[in-house]
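In what follows, a structure is listed as structure tokens, so that the remarks can point back to it.
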Amino acid sequence: MCIDIFVISMLFYAIVILFSFYFYNNAGPDATGFFSFMPIIATFYPYQNIIHILFSGDILFISFFVVEVLYYFIFELSPLRGTIGHKIVGINVVDKNAKNVNWKFLLVRSLIKTLSRYLYCLPMISACFSQKSQALHDILAGSFVLDNTEK
């Protein structure tokens, strides 16, 4: 999970920087400067500033959450059947028949997995007590994580 969070963070910060360049270049004569996309600095400027509104803390949190959910969803839906971190560690996500999980269940899995990270990973503790070592997001999605390194 740490590898994936690093990849998601880098992807998210790249998006923020691209948006900031866009708004800086298109802000017009009332632009407040290059660093106005940063929430800490932007708080000193008036709230009418579109850059401040778009990159305030709440919007950043929501957009990071969406990027994280989409990251898990897209990679686990792909033929890789797992994220970049899963591939490095040698695991993949499958259903009970060892096939790709239905996209609806993967969306639920991605949402719950992301939410559980914001709940200090408490829902993941269920993997310790589950007969099949499934975390809450795997139980609700009907998915399993297989170790590909076992021979």
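Other residues lying with their Cβ under 12 Å from the Cβ of K113 contribute a combined charge of -2, Lys and Arg counting +1, Asp and Glu -1. Taking amide H positions as modeled 1.01 Å from N, with prolines and chain starts lacking one, no residue 5 or more places away or on another chain lies under 5 Å from T83. Scoring 74-86, 110-122 by mean Cβ neighbours within 10 Å over their residues and listing the highest first yields 74-86, 110-122.
A simple spin-label model places pseudo-atoms 7 Å from Cα toward Cβ; at A14 and L70 they are separated by 1.3 nm. Listed values for segment 93-98 are Karplus-derived 3J(HN,Hα) couplings in whole Hz (6.51 cos²θ - 1.76 cosθ + 1.60, θ = phi - 60°), namely 9, 9, 8, 5, 9, 6, and x replaces Gly and Pro.
Values in this text are rule-based calculations from the coordinates and carry no lab data. What you are looking at is a predicted structure, and each value in this text was computed from that prediction instead of being measured. Counting neighbours? That spans all protein chains shown, and the Cβs are built from the backbone with ideal geometry, glycine included.
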